[in-house]
Structure formats: C-alpha cells, structure tokens
Amino acid sequence: TDAKYGRLCFSVANNILNNREDSEECVNDTWLHAWNRIPPDEPDPFSHYLGRLTRWLGLSRLRDRNRLRRGGGEPTLALEELDRTLAAPSNAEAQAEYRELTAAIDRFLAAMPETERRVFLCRYWYFAGIAEIAAQFGFSTSKVKSMLLRSRRKLKQQLLEEGYL
C-alpha cells in the first residue's frame, strides 16, 4: 500500500501540515486507520478512500497542533476563502442541512468544466498552494487566483439560488 499510494497520501498530508515529520506520521496513521477501519469489501477506488482518510487525519492533526495558536499556511487560507460561503453543522438539524449542502456542492462540481473543477479541488480538497497549482496546470498565479475567485462566486450564487445562504 505504501509503495502504491504513499506518495499520494504524503502529498495530501504535507499540503495540510507543511511539515515532513508530521506528514510522515500522518501517513503512518493512515495505514493503521485503514487496517482497522477498512470495510469488508475494498473501497472503490481505494486511492480515494486513502486520500479521504489522510485528509481527515491531517486536518485533525492540524487542529490539534494549532489549538493554542491561530493558523497560518495553505489549509488555513483555503478554509478562510470558503468560510463566508460554507458553514459547519452544529446539531442534528444542521447536519441534515449539511448533507443537502454537500449534495448541492457535488452538483456544482459536476457541472464545472474539468480544468476548473480540478483547480478548485486542488485548492480546497488537497489544500495545494496557488503557486503549486499554477505550476501543475501551466497557468500563471493570477489566472489560478481568478479561476478560484470566479468559482467561489459561482458556488455562492448557486447556493443562494438553492436557498442555502
């Protein structure tokens, strides 16, 4: 598993934690959690399951690490960019609304052109930096910033139209 998915999981963890040792520890925690939690049937695709698990563990580690001090780094910036658009659930009713909101975001992502969707996910799912995304796609940083701004505006407009905001 490490040979096949280790680089992916390390990349996800390192984009969140921005620390090699913490990222390596997070990847090791991913393997342990996967071993203990894997469903009876192998998740399909397995890479997405491991990526989600790594992301969850990385964000948990980041929250713990930053409990006494406030943020910094790409994950904090990315989450702050979406903060005015999305809210986390706080009770059972809010959790049901959160599931509906998740479905609305899924519809939004499905309707996006592939390149814009990939850039959006790189930023807000994998917490990649603007410069990293620009290099990966061969765009200028200003183009990436513009794409993300337009995507956030479109998402906000869709959520307004659907009554989520």
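The values are calculated or read from the model by the stated rules, or taken from the named source; none is laboratory data. Computed from a predicted model, the values in this text were never measured in an experiment. A quick note on method: Cβ atoms are made from the backbone with ideal geometry, for glycine too, and the neighbour counts reach across all protein chains shown. Surface areas here come from the heavy atoms of the whole protein model, side chains and all, with no ligands, DNA or RNA. Shrake-Rupley method; radii C 1.70, N 1.55, O 1.52, S 1.80 Å.
Please calculate the 1.4 Å probe accessible area of Thr141, with all protein chains present, and give it to the nearest 10 Å².
We get 70 Å² for Thr141.
Leaving out same-chain residues fewer than 8 places away, which lysines sit with a Cα under 27 Å from that of Lys154?
Answer for Lys154, where 27 Å is the Cα cut-off: Lys143, Lys145, listed by chain and number.
Taking all protein chains in place and a 1.4 Å probe, what share, in percent, of the accessible surface of the stretch 95-139 do carbon and sulfur account for?
53
Extending each Cα 7 Å along its Cβ direction at Ala111 and Ser140, get the distance between those two points in nm, one decimal.
3.0
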